[in-house]
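The values are calculated or read from the model by the stated rules, or taken from the named source; none is laboratory data. Quantities reported herein were computed from a predicted structural model and do not represent experimental measurements. Every residue, glycine among them, receives a Cβ derived from its backbone with ideal geometry; neighbour counts consider all protein chains shown. For accessibility, only protein heavy atoms count, side chains too; no ligands or nucleic acids. Shrake-Rupley method; radii C 1.70, N 1.55, O 1.52, S 1.80 Å.
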Amino acid sequence: MGLNQIFQFIVPKDKKFAVMFLNASENLVTASEYLKTLIREYESGKLDEYVKKIYEKELEGDKITRKIYDEINRTFITPFDREDIHRLAKNIDEVVDLINRISQDIKLFKPKELLQSCVEQSDILHLCAVEINDAMKYIGELKDYSHIMNACKKISELESQADEINHKAISNLFKKEKDPIELIKLKDILISLERAVDRSERVADILQVVILKMV
């Protein structure tokens, strides 16, 4: 019997961590959906409504993360490395935190308009969240790794697209925006969107580390 087979035999049979991670990723998907809608409908007069909804998702994400941390401390044998469980939970939560920060900044800055690149970045961020959620559906069954690896690959491709969009957007912003205050507002929002996508890729990186340790 190989080490991986032995590990599969002794790990807990319940799916408590898998359920909590799926809850965290579903919460992330909802938060990213709200942000995408907020940015697309920025001039609809529903800004405060979506900022509030995102803040509620941020609070919910914090609760889920604390539950995962508490479960790490209570569980003698975890389904995979404790440090990786902690890092995975922390980084999913940080994506939600960044989404909340972006919505709060938009409410605070109130730019005259949001760029098309902001729309594109929020779309990519949402797609990353969907891929993270798809990966989490298989986190409790670490036997067939293909679903998780495919999701990680897609997130990496999305992050590359986001980088390209962001670089072009900031370059164009400095060329075209004559109001320095508006330039600063929009630049900060674009950078925060890029950071959220980068953090999503970090989640994918951690998932790949988990799988490499399992094979």
**Prompt:** Taking the Cα atoms only, what angle lies between the long axis of helix 82-109 and the longest principal axis of the chain, rounded to 10 degrees?
**Reply:** 10
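With the Cα gyration tensor of segment 144-215 in hand, give its eigenvalues times 5 under a square root as the equivalent ellipsoid semi-axes, listed largest first in whole angstrom. Write out the running numbers ahead of the final one.
Numbers: eigenvalues 242, 22, 8 Å².
Each semi-axis is the square root of five times an eigenvalue, giving 35, 11, 6 Å.
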**Prompt:** What percentage of the solvent-accessible surface of the chain, computed with a 1.4 Å probe over protein heavy atoms, is contributed by carbon and sulfur atoms?
**Reply:** 53
**Request:** Report residue 128's accessible area, 1.4 Å probe, all protein chains in place, as a number in Å² to the nearest 10.
**Result:** 0
**On Cα atoms only, tilt of 16-40 relative to the major axis of the chain in degrees** = 10
**Complete:** One checks the Cα atoms of segment 25-183 and finds Rg and Dmax, in Å, of 17.8, 60
**Prompt:** What percent does the relative contact order of segment 142-215 come to when contacts are Cα pairs within less than 8 Å and at least six residues apart?
**Reply:** 55
**Request:** Kindly provide the pair-distance distribution of segment 96-215 built from C-alpha pairs, with 5 Å bins from 0 and whole-percent values in order of increasing distance.
**Result:** 2, 11, 21, 18, 16, 11, 8, 6, 4, 2, 1, 0
**Item:** Rounded tilt (10° steps) of 146-176 against the dominant C-alpha axis of the chain
**Value:** 20
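Ignoring trypsin sites (Lys or Arg not before Pro) that are buried or in helix or strand per DSSP, and keeping those with at most 14 other beta carbon atoms within 10 Å, what is the longest stretch of the chain between them?
Values: sites that count: 13, 15, 46, 112, 143, 178.
Excluding the exposed sites themselves, the longest stretch runs over 47-111.
With n ≥ 4 as the cut-off for DSSP H runs, can you work out [θ] at 222 nm for the chain, using -39500 (n - 2.57) per run divided by the number of residues, rounded to the nearest 500? Walk me through the intermediate numbers first.
Numbers: 7 runs with 176 residues, N = 215.
Rounded to the nearest 500, it is -29000 deg cm²/dmol.
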**Item:** For q = 0.20, 0.25 Å⁻¹, Debye-computed log10 I/I(0) when each Cα of segment 63-152 counts as one equal scatterer
**Value:** -1.06, -1.33
**Neighbourhood net charge (12 Å Cβ-Cβ; Lys/Arg +1, Asp/Glu -1) for residue 159** = -3
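Filter 57/107; 63/153; 36/67; 46/187; 67/213 down to the pairs with a C-alpha to C-alpha distance above 26 Å, please. Walk me through the numbers before you get to the answer.
Values: 57/107 17 Å; 63/153 29 Å; 36/67 28 Å; 46/187 23 Å; 67/213 24 Å.
Beyond 26 Å between Cα atoms: 63/153; 36/67.
Counting only other residues whose beta carbon sits under 11 Å from that of residue 202, what net charge do I get with K and R as +1, D and E as -1?
-1
Please go through segment 123-215 and write out the GluC sites (Glu not before Pro) that DSSP classes as loop and that have at most 13 other C-beta atoms within 10 Å. Intermediate results must be reported in sequence, preceding the final value.
Working: sites: 131, 141, 157, 159, 164, 177, 182, 194, 201; in loops: 141, 177.
Those satisfying the criteria are 141.
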**Request:** Normalising by the residue count of the chain, find the relative contact order in percent from Cα pairs under 8 Å and 6+ residues apart.
**Result:** 29
